[in-house]
Amino acid sequence: MPTDWMPGATRLDIGDHAPTDGGPAKALAHITWDRNATAKAPAALVPYENLRDYFGKNSAGKAVAPHILWDPFTGRITQFVPASSRSKSLADSAGGTRTNRAGSVVIQVEALFFPYCVVGGKTYARLADTPCKGWAELRAWVRSWGVPDAWPMGRPTDFTPHRSEAIWGKSPGWYAHAHVPENDHQDPGSWPAFTIEEDPMAGMTKRDIYDAVWKTDAIPGPADAADHKTNPNWQPQSVIKDVQARIRSMDKRLSAQTAAITALAKLAGGGADTKAIVAAVEKAIESAVIDVNINTTPEG
């Protein structure tokens with residue numbers, strides 16, 4: 001059962017509550033972007049308390065307060081309005097496309113971050129490179145409100161805006177500030193990934209894939225094939241069909257991953273050697289392919 005106030009978060013209720021319009025459940029990704037630092041001139045991260053007090057106690061800050069202020073370096077979270085209320089971090093022109101209210105929930109998250117901030121002597125160019133403490137708990141709470149682990153307009157990887165009123169109006173999921181109609185901000189630039197459970201093959205080694213194909217209770221492994229006459233579990237036709245199906249499934253997954261990385265390489269533009277990236281990916285995938293030699297000789 002979803003809760004209006006995130007468990008474990010500090011509550012600083014600003015009292016400005018109003019209903020949403022209904023529709024696809026959404027979450028919004030922002031960064032506070034308090035300073036304009038660069039790779040050559042990084043700057044210290046603004047204290048969390050400054051932003052908490054700005055949104056929670058300052059009249060100007062309350063007017064644009066999100067639901068959540070999140071510190072990805074410590075995991076601290078402060079919530080200013082309940083999830084069932086709209087917040088006001090998005091521009092919303094009168095008579096135009098609804099933004100702050102455009103969903104059953106529109107949960108807005110401001111991450112305490114700006115590019116090239118310095119924390120503990122280390123410079124962070126992207127939010128996704130921070131420790132992202134508290135992200136798992138924050139994501140779980142947002143998901144409890146029906147917001148799927150999806151980016152209808154793509155997970156943000158840079159500060160390029162991509163906006164579509166059609167997608168915004170009909171698709172649930174997470175959106176970057178740079179995805180929202182009527183807005184001109186380009187943040188957050190990056191955002192932490194959803195957990196590995198979304199892709200069961202993510203991070204799998206060649207050994208892992210091999211085990212996933214062969215090590216089941218019903219299917220004997222290759223070592224058993226040579227001894228199939230004395231193995232009561234040996235069923236050649238069922239083994240062949242099952243393994244072939246599994247391999248086809250893996251082939252589709254590997255092809256999809258190759259296509260995705262090819263697209264990412266192209267998006268990188270002139271700064272990347274697209275052919276070199278694709279070749280490296282294909283080589284990596286080729287090294288993970290399993291050579292399965294199926295004995296189709298009937299039992300005798």
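Going by the structure shown, is GLY75 closer than 16 Å to PRO192 by Cα and either in contact (Cβ under 8 Å) with a residue 12 or more places away in the chain or not in a loop (DSSP other than H, G, I, E, B) (or both)? It is true that GLY75 is closer than 16 Å to PRO192 by Cα and either in contact (Cβ under 8 Å) with a residue 12 or more places away in the chain or not in a loop (DSSP other than H, G, I, E, B) (or both). For the stretch 43-100, which residues satisfy the criterion of being under 24 Å from GLU137 (Cβ atoms) and small (Gly, Ala, Ser)? Those that are under 24 Å from GLU137 (Cβ atoms) and small (Gly, Ala, Ser): GLY56, ALA65, GLY75, ALA83, SER84, SER85, SER87, SER89.
Would you confirm, using the coordinates I've provided, whether GLY146 is touching a residue at least 40 places away in the same chain (Cβ under 8 Å), surrounded by fewer than 15 Cβ atoms within 10 Å (Cβ to Cβ) and small (Gly, Ala, Ser)?
Working: touching a residue at least 40 places away in the same chain (Cβ under 8 Å): yes; surrounded by fewer than 15 Cβ atoms within 10 Å (Cβ to Cβ): yes; small (Gly, Ala, Ser): yes.
Against the criterion (touching a residue at least 40 places away in the same chain (Cβ under 8 Å), surrounded by fewer than 15 Cβ atoms within 10 Å (Cβ to Cβ) and small (Gly, Ala, Ser)), GLY146 qualifies.
If you go through the stretch 79-102 and keep only what is in contact with a helix residue (DSSP H, G or I) (Cβ under 9 Å, 6 or more places away or on another chain) and either of a type in the set (Val, Ile, Thr) or within 11 Å of PRO66 (Cβ to Cβ) (or both), you end up with PHE80, LYS88, SER89, LEU90, THR97, THR99.
Output the residue which, of all residues in the stretch 149-170 that are of a type in the set (Val, Ile, Thr) and farther than 22 Å from LEU112 by Cβ, is least open to solvent (accessible area, probe 1.4 Å).
Applying the filter and picking the extreme gives ILE167.
Of the residues making up the stretch 83-130, those that are closer than 16 Å to PRO156 by Cα, assigned to a loop (DSSP other than H, G, I, E, B) and not small (Gly, Ala, Ser) number 5. Scan the stretch 142-174 for residues that are outside any loop (DSSP other than H, G, I, E, B) and small (Gly, Ala, Ser) and the total you get is 4.
If I go through the stretch 1-20 residue by residue, how many of them are open to solvent by 50 Å² or more (accessible area, probe 1.4 Å), under 28 Å from the mean Cα position of the chain (by Cα) and of a type in the set (Gly, Ala, Ser)? Here the count works out to 1.
Only residues that are open to solvent by less than 60 Å² (accessible area, probe 1.4 Å), of a type in the set (D, E, K, R) and part of a helix (DSSP H, G or I): list them for the stretch 34-72, please. Correct list: ASP53 only.
Answer yes or no: is there a residue in the stretch 34-55 that is among the hydroxyl-bearing types (Ser, Thr, Tyr) and within 25 Å of the chain's Cα centre (by Cα). Looking through the stretch 34-55, at least one residue is among the hydroxyl-bearing types (Ser, Thr, Tyr) and within 25 Å of the chain's Cα centre (by Cα). Applying the criterion of being open to solvent by less than 40 Å² (accessible area, probe 1.4 Å) and at pLDDT below 75 to the residues of the stretch 175-203, the residue that is nearest to SER93 (Cα to Cα) is ALA202.
The values are calculated or read from the model by the stated rules, or taken from the named source; none is laboratory data. None of these values were measured; they are calculated from a predicted model. Neighbour counts run over all protein chains shown; Cβ positions are idealised from the backbone, glycine included. The accessibility values were calculated without ligands, DNA or RNA, using every heavy atom of the protein model including side chains. Shrake-Rupley method; radii C 1.70, N 1.55, O 1.52, S 1.80 Å.
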